[in-house]
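The structure under discussion appears below in the form of structure tokens.
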Amino acid sequence: MTRCEFLLLPPMMSKISSGSMKRLRAPSRAGFSMIELMVVLAILTMGVSMFSSTLVSTARQSQAKREIAIAAEGARRAMELMRSQSCEILFATYNESSADDPGGAGTAPGKHFVVTGLTLRDGDKDGFVGEILFPTVETALREDVVDTVLGMPRDLDGDNQVDNANHAANYVLLPVHVRIQWKGVSGDVSFDLYNQFVKQ
Amino acid sequence: MKLCSNRMRGSAGFTVLEIVIALTILAMVAANVLMVERSSTKAFEAGTSMSSLDMQLERTMDRIALALMAARKDSLAPGSAAPLWDKKVTFDQSKGFEDGNEVIGDTERIELISGPEQIVWKQRPDTTDERKVVWTNWVREYFKDELPNGVDDDLNGLTDEAGLSFTVDGNRVTIRLTLEREGPNHTVLKRTQETTVTCRN
Amino acid sequence: MECRVARTRSARRGSVLLIALMVTVGVAMLGACLLQFSASASRAQLQSVDQKRAFYVAEAGLSESIFGMMVGKSGNIGSAESPARFGDGVLWVEALKTEDGRIVLESNGLCGGGRASQSIVVQQHANSIASLGIFSDGDLVVRAGSVIDSYDPDAQLLAGLVGLLPGAGAMSSSGKIGSNGNITVQGAKRSVTRIDGDVTPGVNGTVISSANVTISGSTVPRSAPVVLPPIDVPSLVSQGTLVHMASQALTIATGQHRYDSLTVGAHSRLVVVGPQTMVVGSMVLERGARLLLDTSNGKVDIHATDYVSFGAGSVIDNQQHDPAKAHLYISASRTIDRNGDGVPEAPVTMLCTGAMYATVYAPAASLTLSNGLEVFGAVTAASLVLGENSKLHFDEALLVDDGTGPDDVKLLSWKVLELPEVPLINMRVDPVVLLRLQGAALLSPCDSHQDVEFKIKYISVKGERVVWAGVEAKFDWSQVRSVVAIGRLGDALFGIL
């Protein structure tokens, strides 16, 4: 430690203390280099360990980025599938209920969708990472749902009023939230995409 | 100078041993550091090539997707529906209205050409005025795990599909893309992405 | 000499540490390089992800804008200075009117580091209700011997007559007949039914036609159902009941009138002079009564709210032969017993004969046109039956917008736009964080519809007619039940309202 102190002391200080040091150091001179080396080793170990931890975290980070990229692609795909269909049938096709499916009960893809390449979260009951959400109360499409991200509450059927009726049959504007939730390399992650569709 | 003369005294006997030990340890440390550095460089290179492959994949896919979103669905050619597929798609885009008439852009084509495999974007293809831009050189000859054996190896409904393939379903186009490049130590890195876009015109 | 050795030794002693430090620095630099590279790579990757989010935020802006235009707003949402908040980004949309009457919407979406601009060209149709032609909200039945075609009033030539001449049928191709349900066209051997033009059933409807029927146009179902706009009955003070039984003609002068009931006795004559807005509870024309509409100086609009009965042989005559100037709005809908005989009467009975130049709009009532009636104009009803040998000629002039019909917005073209040069876009920071720091309001898209000064005439939720002028952003849209007219600074309507 003494050697170390000596090395680290500024020149002025070392000059002042040199008298007392002379006596102390002379017999144990061989050890100085060892201590020196130990310090060097410690510094090196620290450096290398920091470097390797950087490597590991970088690898993990890039894995996390890749997962987000997969999720974004999956969400875009879901959004584009909806975009390709006529707005009138979107709610009935992608809502939770299968009774109102336009092609007959149980024929529509419904709320959930698959994204390959992502791991399900522990305890995810529906078995899908992707889901499509609308401003609903239970199964009713409602104008009075509070959801600032989707701009709710708001008028959906073009009468300038916000009411508590079910607008599943007469909406003109349909806000959509596509959410992907999965178990990532460092914890649970979710990715969201928002859009609105309008009847034309 | 005072310090200098102090140190001199009684130090001659230790010098060789000191140096030997120091050098040995230093050599060990240096060797260690070198090893770590080499392995990390390798990892770095692998990471770099993987990252740039990922980036290239994202960028190429986004370019294709955006080009097709603005395409007129009636102009898509050849536009095969699954289980058939094409390794190219020709289309044009709507550019808005001028003097009451819709302005249609130049014919464009996105194509996987072989020998060596490249994805190219062509403006006014098959004319003397053709303009060609290479979007990526790292494309794989066949999609994902597909082999040229007349069998649907990856069970996606398409047989022997190429590294870039298009299938059309109404106003939707599904794009399948596999990129590959050489990594460190002659490894082959591979990435696949599949997406569907809607033609908005 | 001694000193030199000592100096070299002391120098060497420090050198081990120096080498170690250099190596450490080298490793650290390598690490930093790697970190920076991975950071830039991930930034590029995140950029691509943000780009996707921004793209859909911009698309949501376009939907918002179209939605606004459908209910009569300008289509402008927010601005570059105060954008609307949607999803995890912000957006604003500019609506620009082109010289050829189309509207270009330019939407900008920003999300994280992603920026996207899209532009669409739309055509806005504020339809006249009469443009629907012969239309039934439910099923429509055309009985045998009917003729449906169109005519061009400017050419003063009945296209239907031209159609009878061989090789000259091109003019009569746009007879409009449609429904939101099925359309049944009947024919008989002696009385062939002829429709010159398209027969358009509802989205899931079909055209059922029997033998001896010719349809020159398409019978493809419509792609979207037609929403019939409700009738806005003007609120006027009632002048009681009016019963006219005398043989000489009674004239109702130009102006606004309301009667609880209006009865024209058998073979009596009533003249209504336009411009005229008349609201009647029940309207009865007894056998052989004549209703004369004088439209030489302006429109005649008659609203019947409760009950309409045109007796056998009654005649509705429009002296100027212009159906665009004679509207019969029937908001009656109840089928109840009105004369106490225990048999409920339909809200509308039309047994009138001859030629009727008018637009009849009865969105809530079933309508059966009497056999042999000839209508020049348009007829819309909840369900419609055209009697035998009836003739309907759609007036092409009715296609001109008079602001009464449902607005529709049709997408013509979509493209990706270059990003505009505005500070918010050029700064590659999260716009939501930045705007919050600046203390911006960040309203929702539906609260961000705005424009320059405008004037609006509307029917309020309380049923009153209101005229409002000011900056559009300050206008309370929740008061509006339906829009009568809107004029924006620069529009022709702005000066008129």
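Computed from the coordinates by the stated procedures, all read-outs in this text should not be read as laboratory data. Given the structure is predicted, the values throughout are model-derived calculations rather than measurements. Note that each Cβ is placed from the backbone with ideal geometry, even for glycine, and that neighbours are counted across all protein chains shown.
Looking at segment C:33-124, none of the trypsin sites (Lys or Arg not before Pro) sits in a DSSP loop with at most 12 other Cβ atoms within 10 Å of its own Cβ. All C-alpha to C-alpha distances of chain B, sorted into 5 Å bins beginning at zero, yield P(r) values of 1, 7, 11, 13, 13, 10, 7, 5, 4, 4, 3, 3, 3, 3, 3, 3, 3, 2, 1, 0, 0 percent in whole numbers. Farthest toward the positive end of the dipole of segment A:27-142, out of A:A108, A:F91, A:V129, is the Cα of A:V129, where the dipole comes from beta carbon charges about the Cα centre. Amide H contacts for C:Q319 (H built 1.01 Å from N in the peptide plane; partners 5 or more residues away or on another chain; cut-off under 5 Å): C:L293, C:T295. Each listed q (0.06, 0.07, 0.08 Å⁻¹) maps to a log10 I(q)/I(0) for the protein assembly as shown from the Debye sum over equal C-alpha point scatterers, namely -0.59, -0.74, -0.89. Using bins of 10 Å that start at zero, the share of Cα-Cα pairs per bin across segment C:197-341 amounts to 11, 32, 27, 21, 10, 0, in whole %. Couplings for segment B:35-52, taken from phi via the Karplus curve 6.51 cos²θ - 1.76 cosθ + 1.60 with θ = phi - 60°, read 4, 4, 5, 5, 5, 6, 4, 4, 4, 4, 4, 4, x, 4, 5, 5, 4, 5 Hz in order; Gly and Pro are left as x.
Among the GluC sites (Glu not before Pro) in segment C:424-483, those located in a DSSP loop and surrounded by at most 14 other Cβ atoms within 10 Å of their own Cβ are C:E464.
Between the amide H of B:D153 and those of B:L147, B:D160, distances stay under 5 Å, these residues lying 5 or more places away or on another chain, with hydrogens modeled in the peptide plane.
Of the residues C:T193, C:S366, C:P230, the one whose Cα sits farthest toward the positive end of the charge dipole of segment C:129-399, with +1 on the Cβ of Lys and Arg and -1 on the Cβ of Asp and Glu, is C:T193. Once the C-beta distance of A:S190 and C:R43 is scaled by a Förster radius of 25 Å, the resulting FRET efficiency is 0.75 to the nearest 0.05.
Charge dipole of chain B (Cα centre as origin; +1 on each Lys and Arg Cβ, -1 on each Asp and Glu Cβ, all else neutral): 1420 debye, rounded to the nearest 20.
Here the Karplus relation 6.51 cos²θ - 1.76 cosθ + 1.60, evaluated at θ = phi - 60°, turns the backbone of segment A:71-83 into coupling constants of 4, 4, 5, x, 5, 4, 4, 4, 5, 5, 4, 5, 4 Hz, with x for every Gly and Pro. Placing dummy labels 7 Å off each Cα toward the beta-carbon, the span from C:A246 to A:I35 is 13.3 nm.
Spin-label pair C:R436-C:K189: with each label point 7 Å from Cα along the Cα-Cβ axis, the two points sit 8.3 nm from one another. Couplings 3J(HN,Hα) for segment C:369-384, derived from phi with the Karplus relation 6.51 cos²θ - 1.76 cosθ + 1.60 (θ = phi - 60°), are 7, 5, 4, x, 5, 10, 10, 9, x, 8, 9, 10, 8, 5, 8, 9 Hz, where x marks Gly and Pro.
Nearest 20 debye, what's the magnitude of the dipole of the protein assembly as shown about its Cα centre given +1 on Lys and Arg Cβ and -1 on Asp and Glu Cβ?
That gives the protein assembly as shown a dipole magnitude of about 5460 debye.
Cross-link list A:K111/B:K87; A:K65/A:K183; B:K73/C:K176; C:K73/C:K457: which exceed 22 angstrom alpha carbon to alpha carbon? Violating the 22 Å limit, Cα to Cα: A:K111/B:K87; B:K73/C:K176. With a cut-off of 12 Å between beta carbons, the residues surrounding B:F166 carry a summed charge of 0, where Lys and Arg count +1 and Asp and Glu -1. Listed by Cβ neighbour count within 10 Å, with the fewest neighbours leading, A:V185, C:V220, C:V27 appear as C:V220, A:V185, C:V27.
Distances between placed amide hydrogens fall under 5 Å for B:A82 paired with B:V168, all partners being 5 or more residues away or on another chain.
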